[in-house]
Amino acid sequence: QVQLVESGGGWVQPGGSLRLSCVASGINFEASAMGWYRQAPGKQRDLIALIARGGTVSYIDSVRGRFTISRDNAKNTVYLQMNKLNSADTAVYYCHAALNWEEYWGQGTQVTVSS
């Protein structure tokens, strides 16, 4: 059974930072492409950062330069370091794994940016 468990969400003031973690189990993590999605109220779920099995990363424009995705294959964990947060970053953040033609989701973690 594949499980993706996110942690690290919470409330932060504008300009602050948070680090999200996602621990994977039941999956060949090293062979998986890992991503972070987010979904704001009333909006669709969007991919914001991706790290391929080889370590290549990509970001959407609105987070590039502020967010950093990384992975630790020894710990089956993917991270999302989020800096210079603003209110537009408020959303539920989801961890995603893709391996061959299978995909898996975490349960989501809420990030709220407000003063």
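The values are calculated or read from the model by the stated rules, or taken from the named source; none is laboratory data. Everything numeric in this text was worked out from a predicted model, so none of it was measured. Reconstructed Cβ throughout: ideal geometry from the backbone, glycine too, with neighbour counts over all protein chains shown. All accessible areas refer to the heavy atoms of the entire protein, side chains included, with ligands and DNA or RNA removed. Shrake-Rupley method; radii C 1.70, N 1.55, O 1.52, S 1.80 Å.
Annotation: the antiparallel percentage among DSSP beta bridges lying fully within the chain is about 90. Carbon and sulfur: what percent of the chain's accessible surface (1.4 Å probe)? Exposed carbon and sulfur together represent 48 percent of the surface. Placing a pseudo-label 7 Å from each Cα along the Cα-to-Cβ vector at E102 and W11 gives an inter-label distance of 4.0 nm. Both numbers refer to the Cα atoms of segment 26-70; Rg and Dmax are 11.9, 34 Å. Dipole of the chain (Lys/Arg Cβ +1, Asp/Glu Cβ -1, origin at the Cα centre): which of T90, I48, G35 lies farthest to the positive side? Farthest towards the positive pole: T90. Summary of the geometry: segment 57-72 and segment 85-115, compared by the centres of their Cα atoms, lie 13 Å apart. From the largest down, the chain spans 40, 25, 23 angstrom on the principal axes of its Cα atoms. Taking segment 60-81 and a reference point 7 angstrom along Cα→Cβ of D46, the backbone N atoms nearer than 15 Å belong to 60-67.
Beta carbons within 10 angstrom, averaged per residue: use that to sort the peptides 66-76, 52-62, highest first.
In decreasing order of mean packing, 66-76, 52-62 become 66-76, 52-62.
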